[in-house]
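K.L.:
Below is a structure I'd like to ask you about.
A short reminder: the numbers here are calculations on the coordinates, not readings from a lab. Worth saying up front: this structure is predicted, and the values here are computed from it rather than measured. Neighbour counts run over all protein chains shown; Cβ positions are idealised from the backbone, glycine included.
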Number of protein chains: 2
Amino acid sequence: MEKEISQAVIRRMPRYYRYLGELLEEGVERISSNDLSHRMMVTASQIRQDLNNFGGFGQQGYGYNVKYLYDEIGKILGLNETHNIIMIGAGNLGQAITNYVKFERFGFIITALFDVKPSLKGQTVRDIPIYMMDELDDYCKKNKVDIAALTLPKEKAEDTAQHLVNLGIRAIWNFAHVDLDLSDKSVVVENVHLSDSLMQLSYNIVKNSK
Amino acid sequence: MEKEISQAVIRRMPRYYRYLGELLEEGVERISSNDLSHRMMVTASQIRQDLNNFGGFGQQGYGYNVKYLYDEIGKILGLNETHNIIMIGAGNLGQAITNYVKFERFGFIITALFDVKPSLKGQTVRDIPIYMMDELDDYCKKNKVDIAALTLPKEKAEDTAQHLVNLGIRAIWNFAHVDLDLSDKSVVVENVHLSDSLMQLSYNIVKNSK
DNA sequence: TAGATTGTTAATCGATTAACAATC
DNA sequence: TAGATTGTTAATCGATTAACAATC
């Protein structure tokens, strides 16, 4: 494996990607790390350091070609490939995320939802079918699944995640309010803890009012 | 203002809170930083350092009283007070979050939703009314609003946020895929960028498969 | 009292920023 | 060629970990 890149850097890459996308829409052809640093409110040094973890995308005296850099960061983030996602849990959150079509632009395709609630059986969200949980094993055997998104109660999250890993799934997008402790440490887990985020906000409100 | 506490520490506080809550449910009365560090997969040193930013909550030779520490962290995070939230955008995501009752346990109460779509007028989500956007000013004048959650298209996010700030709102929970650049820098903004999170996941998938 | 474990200081590690030689 | 701006090394800053004296 190559030199490990810190998660601090990875966290910033989607933000670069977003700003470059905006520049592209504005028709900007090239940008210097200095100009970009003013837009993004970070230092030019950090931008250059971050990018040079992955390669030399710029040119002295010129700066960075927006389109080229945008595409390269896209590749770094794996957006040049399609990722099939299944939603485990077809409740409000699961359906909301499924309805959020924007992800498809980046190559993330939701292909199926799963739930235990019998009344959901046979229903669809944007033409995407909702299956029952007992159909999961069969589905995973017959279809390519890259990511499983967990939008189910935290009590069921751990067991379900382990089951998904046993079925061969290598990546979990976890919305349940627990830290998943999986047997296979090579499985990638990305947590979205909405209440944590709300609590951080709340902390900053209290601090500010002092 | 007191000594500034780093965001790295703040980000970890909700996690401590969650683990202490679990210990509480398990009926555990006291815990040492060492035991907790094993459960949470962090160093005991970090736990003690983090907590001592806010005060000495433990006792030599004993450790930490779970209930006491849980409550104290709750206070630090502002969970001892109620926070009224309005949802700006009553689409799928707005409704999904509104339906997520768990937040109420921590004192976050969603009191109203707002949208521009006429067909939503007069509708409710869990008995919480959906209003039209032109009723927003009036609502904010008559009701205490602590947090505005933005679940609307990114094109409208910036202007709407600025409008909310003008109405006196001091905290924004932003789900729109933009960085809000507000005139009043004392307004607290907490971003939830779902696509950024998905891209981080995607990066780690690509990296892992190498 | 002896043992356990904190609170806190000191040492280390990693990430950010600054500086500048290389080069387009 | 001169000017601009990168890529990269060095310096600084901040966060994490280790160590231990204080103390329950």
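K.L.:
Counting partner chain Cβ atoms within 10 Å of every residue's Cβ in A:166-173, what's the average?
P.N.:
Counting other chains' Cβ atoms within 10 Å and averaging over A:166-173 gives 2.
K.L.:
Could you compute the longest span of chain A free of GluC sites (Glu not before Pro) located in DSSP loops and having at most 14 other Cβ atoms within 10 Å, not counting the site residues?
P.N.:
A:82-210
K.L.:
Need one word for region A:45-113: rounded, prolate or oblate. Basis is the Cα gyration tensor (sqrt eigenvalues a ≥ b ≥ c); a/c below 1.5 gives rounded, then a/b vs b/c decides.
P.N.:
It is prolate, given that a/c is not under 1.5 and a/b is the larger ratio.
K.L.:
Return the long-range amide H neighbours of B:Val125 (sequence gap of 5 or more, or a different chain), with a cut-off of under 5 Å between placed amide H atoms.
P.N.:
The answer is B:Ile130.
K.L.:
Then there's this: So, R0 is 35 Å and r is the distance between the beta-carbons of A:Ser45 and B:Lys154; what FRET efficiency does that work out to, to 0.05?
P.N.:
0.75
K.L.:
Distances from B:Gly21 to the same position in the other copies: list them in nm, one decimal, shortest first, using label points 7 Å from Cα along Cα→Cβ.
P.N.:
Copy-to-copy label distances for B:Gly21: 3.1 nm.
K.L.:
Which FRET efficiency value, to the nearest 0.05, is calculated for A:Lys207 and B:Val28 with the Förster distance at 25 angstrom and r the Cβ-Cβ distance?
P.N.:
0.25
K.L.:
Calculate the FRET efficiency for A:Arg126 and A:Ser183 from the Cβ-Cβ distance with a Förster distance of 25 Å, rounded to the nearest 0.05.
P.N.:
0.15
K.L.:
Report the gain in length on full extension from A:Thr82 to A:Asn52: 0.36 nm times residue separation, minus Cα-Cα distance, nm rounded to one decimal.
P.N.:
In short, 8.2 nm is gained.
K.L.:
Once the dipole of region A:92-210 is set up with Lys and Arg at +1 and Asp and Glu at -1 on Cβ about the Cα centre, which of A:Asn191, A:Pro153, A:Ile169 lies farthest towards its positive end?
P.N.:
In region A:92-210, that residue is A:Asn191.
K.L.:
Then there's this: Eigenvalues of the Cα gyration tensor times 5, then square-rooted: what semi-axes does that give for the protein assembly as shown, in whole angstrom, largest first?
P.N.:
Computed over the protein assembly as shown, the values are 31, 28, 28 Å.
K.L.:
To the nearest whole percent, what portion of all C-alpha pairs in region A:83-196 is separated by more than 17 angstrom?
P.N.:
Tail of the P(r) past 17 Å holds 50 percent of the pairs.
K.L.:
Right, next: Suppose we consider the axis relating copy B to copy A; can you name the residue of B with the nearest Cβ and state that distance in angstrom as an integer?
P.N.:
Residue with the nearest Cβ, plus whole-Å distance, for chain B: B:Ala96, 2.
K.L.:
Averaged over A:92-105, how many beta carbons belonging to a partner chain fall within 10 Å of each residue's beta carbon?
P.N.:
Across A:92-105, the average partner-chain Cβ count within 10 Å equals 4.
K.L.:
Expressed in whole Å with the largest first, what are the equivalent ellipsoid semi-axes of chain B derived from the C-alpha gyration tensor as the square root of 5 times each eigenvalue?
P.N.:
36, 21, 18
K.L.:
Using a label position 7 Å from Cα in the Cα→Cβ direction, what is the ascending list of nm distances from B:Ile5 to the same site in the other copies?
P.N.:
Going from nearest to farthest copy, the values are 3.3 nm.
K.L.:
List the residues, sorted by chain then number, that are 5 or more residues from B:Asn191 or on another chain and whose placed amide H is less than 5 Å from its amide H.
P.N.:
B:Asn174
K.L.:
Can you give the Kirkwood hydrodynamic radius for region B:7-76, in Å, rounded to one decimal and based on Cα pairs?
P.N.:
For region B:7-76, the Kirkwood estimate is 11.9 Å.
K.L.:
Considering every residue in A:107-117, what mean count of other chain Cβ atoms within 10 Å of its Cβ is obtained?
P.N.:
That works out to 1 on average.
K.L.:
Here's something else I'd like to know. Per DSSP H run of at least 4 residues, take -39500 (n - 2.57); add these up for the protein assembly as shown, divide by its residues and hand me the 222 nm value, nearest 500 deg cm²/dmol.
P.N.:
-13500 deg cm²/dmol
K.L.:
Highest first, please rank the peptides A:84-94, B:59-69, A:116-126 by the mean number of other Cβ atoms sitting within 10 Å of their residues.
P.N.:
Output ranking for A:84-94, B:59-69, A:116-126: A:84-94, B:59-69, A:116-126.
K.L.:
Now a separate question. Beyond a 22 Å Cα-Cα separation, which of these cross-linked pairs lie in this structure: A:Lys75/B:Lys210; B:Lys67/B:Lys102; B:Lys117/B:Lys156; B:Lys121/B:Lys156; A:Lys141/B:Lys207; B:Lys121/B:Lys185?
P.N.:
A:Lys141/B:Lys207; B:Lys121/B:Lys185
K.L.:
Between A:Phe54, A:Phe108, A:Phe175, which gets the highest mean-square fluctuation from a Gaussian network model of chain A, Cα cutoff 10 Å?
P.N.:
Greatest mean-square fluctuation among the candidates belongs to A:Phe54.
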